[in-house]
Amino acid sequence: MTRPTRRRFLRDATLGGGALALPWLPAWAQPVSVGLAVPLPTVSGTDIALTVGHRMMTIDGRQQHAIGINGTVPGPLIRLKQGQNVRLAVTNTLDEETSIHWHGLLVPFQMDGVPGISFPGIPARTTFTYEFPVIQAGTYWYHSHSGLQEQMGHYGPIVIDPAGPDPVESDREHVIVLSDHSPLHPHAIFRKLKLQGGYFNYQKQTLGGLLAGRGQSAGERRMWGGMRMDPTDVSDVTGATYTYLVNGHGPTDNWTALFTPGERVRLRIVNASAMTIFNVRIPGLKLTIVQADGQNVRPVAVDEFQIAVAETYDVLVEPTGPDAYTLVAEAWDRSGLTRATLAPRIGMVASVPALRRRPLATMKDMGMGGMVGMDHGTAAATDCPPEHAAMGHCTPGGPPMAAGMNHSMRDFANAPGLPRTPTVQTVAPMPVDRTGEAPQGLADAGHRVLVYRDLVALDRNPDLRAPYRQLRIHLTGNMERYMWAFDGVKLNEVTAPIPFRQGERVRVTLVNDTMMAHPIHLHGHFFELVTGHGDHSPRKHTINVAPGGTATFDLTADAVGDWAFHCHLLYHMHAGMMQVVTVRPDSEEGAEA
């Protein structure tokens, strides 16, 4: 008998459906997945009490330690009404400081909930009351901004109903909170990453894979090895330690959302994970995206979409028959998945698709997107245009992208303002805007996948002024030493915040000099993605910047105060990929134009 392992258990749990077959267990011990149609607990009103504390949670039948809110993970759904005022009294029963950040909500900066930036935090055994007007509608979430508590379960969803008619019509709705959980303490995870950046990557290329014709060719592997880069390094923390959750339940728990055939069902999907970007699909159903980051968009029908950490998407589905459907949330590196079931009645199940082949990074992910014919690292040996040879990116008649590669991957001529420090391991030679491309690993999905350029705001943008200042920010890192930063400067090295004047309009371009996607979040503001939609540009609070790519947005700095600006991959932020944005009143001396 094959020795059971947790990794094998997770694999078999995700590949089965309903009563999941675990071959090393006798028949009498096989798990029976009957489904849990348990809605999230809900709190609402003008005065809300929340208590943060330690608890145990059961995931796929196993007890694990967590930090919960009002005794649950996720915390309760906070349901508010646009136009109301709300007071949220947060009591901390932990032996350490805590906090709550209202992700995506436009609140006074003193209520934003980031210790050391906007307020002092909530000390142990004390209560802090947040109070603010609710000026928007949509799907949002909340989480700790203290230490690594978010990884331990300190998060929950927010739904704000509009003051007037909702342009999204539905017969029923369900809130779906996706997350990741590990039995390891988050500080232990971070320590392992600092010691070895690829510690949790169990999907590296092997000799057996090469002999079987899987993955890269021998020449490509030699080239990548010479650069000391790993094309399988897609995700830092993987299914090797994570169990992926829907509303706090693992894949074998079979959390179930009920519907009546013929209903129009709205799914409010929140990615509250610490480190996992999910690819979401429901085999057999079209997904109509109607909202992104709480902002209404023109409906767009897709078969699959990627939801980065901290993003939210509202989706309409219309199951017409009596069948069950599986909502699949597959980790972006394909190291695991979680699932929920949509069904007319409890106990029904649908098949769960097998994990797809894990993606490999390409030359475009290394910032070579501007090099025609070089994508996917499969260019012919003679494909070396003179202009690329002159830059040292290839040798005529030789292997593409070989000669001079190490030099070109840290050529500061491409970004002369970056510091020459270990925090800048690579500088993308020719990054391009990738917001019109399918996300990493989904280009060959075989069906329609949402891209950022599909998103068009339902309503006209509130500020149509052209930006009169431009700002370019590099996302930098060192994967081997697990160092992450903006412009090569970690948070603890920053000497001054990024300054803005109240009301100014600025175009910001993010340049990803690393081989990993980064979901970048700006507190206190929405921004308009520059994706060709003019006065109906999609408005977001978080943008996932593709590896080796760029993303541009226009920002109206309309919220005075100090605001956090960071990568929402928790351990990247913890390692230094965070800065402070200061918006000064227009009457004060502001940023240089």
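What follows is calculated from the coordinates using simple rules that are stated; it is not laboratory data. Quantities reported herein were computed from a predicted structural model and do not represent experimental measurements. Methodologically, a virtual Cβ is constructed for each residue, glycine included, from the backbone with ideal geometry; neighbour enumeration extends over all protein chains shown.
When each of LEU258, LEU193 is scored by the number of other beta-carbon atoms lying within 10 Å, the sequence from fewest to most is LEU258, LEU193. List the residues of region 40-59 whose backbone N lies under 13 Å from a point placed 7 Å from the Cα of THR129 along the Cα-to-Cβ direction. Only 46-50 fall inside the zone, counting backbone N under 13 Å.
One decimal place: the segment ARG264-GLU318 gains 19.0 nm when fully extended, by the rule 0.36 nm per residue minus the C-alpha distance. Any idea which of GLY488, ALA457, ALA557 is furthest toward the positive side of the dipole for region 452-584, if Lys and Arg beta-carbons carry +1 and Asp and Glu beta-carbons -1? Working it through, the farthest residue towards the positive pole turns out to be ALA557. In a reduced charge model with +1 at each Lys and Arg Cβ and -1 at each Asp and Glu Cβ, region 268-334 shows a dipole moment near 60 debye about its Cα centre.
Return LYS540, LYS192 ranked ascending by Cβ neighbour count within 10 Å, so the fewest neighbours appear first.
LYS192, LYS540
Quick one: length gained pulling GLN82 to ASP303 fully straight, 0.36 nm per residue minus the C-alpha distance?
The GLN82-ASP303 span can extend by a further 76.4 nm.
When each of HIS101, HIS536, HIS143 is scored by the number of other beta-carbon atoms lying within 10 Å, the sequence from fewest to most is HIS536, HIS101, HIS143.
Database remark: amide H of GLY121 closer than 5 angstrom to the amide H of GLY116 (H placed geometrically; neighbours at sequence offset of 5 or more, or on other chains; Pro and chain starts carry no H). Once the Cβ-Cβ distance of ASP95 and ARG62 is raised to the sixth power relative to R0 = 30 Å, the FRET efficiency obtained is 0.75.
Across region 452-584 the C-alpha pair distances fall into 5 Å bins from zero in the proportions 2, 11, 20, 23, 20, 14, 7, 2, 0 percent.
Charges were assigned to the Cβ only: +1 to each Lys and Arg, -1 to each Asp and Glu. The resulting dipole of region 452-584 about its Cα centre is roughly 160 debye. Straight Cα distances below 18 angstrom link LYS192 to the lysines LYS204, with same-chain residues fewer than 8 positions distant left out.
Given their separation in residues at 0.36 nm each and the Cα-Cα distance between them, ALA163 and LEU471 gain 107.3 nm when the chain is fully extended. A crude spin-label estimate for the pair ALA37 and ASP535, with each label 7 Å from Cα along the Cβ direction, gives 4.7 nm. Mean sequence separation of contacting Cα pairs (under 8 Å, at least six apart), scaled by the length of region 452-584, corresponds to a relative contact order of 32 percent. As a calculated quantity, the FRET efficiency between LYS286 and VAL494 at R0 = 45 Å, using C-beta atoms, amounts to about 0.50.
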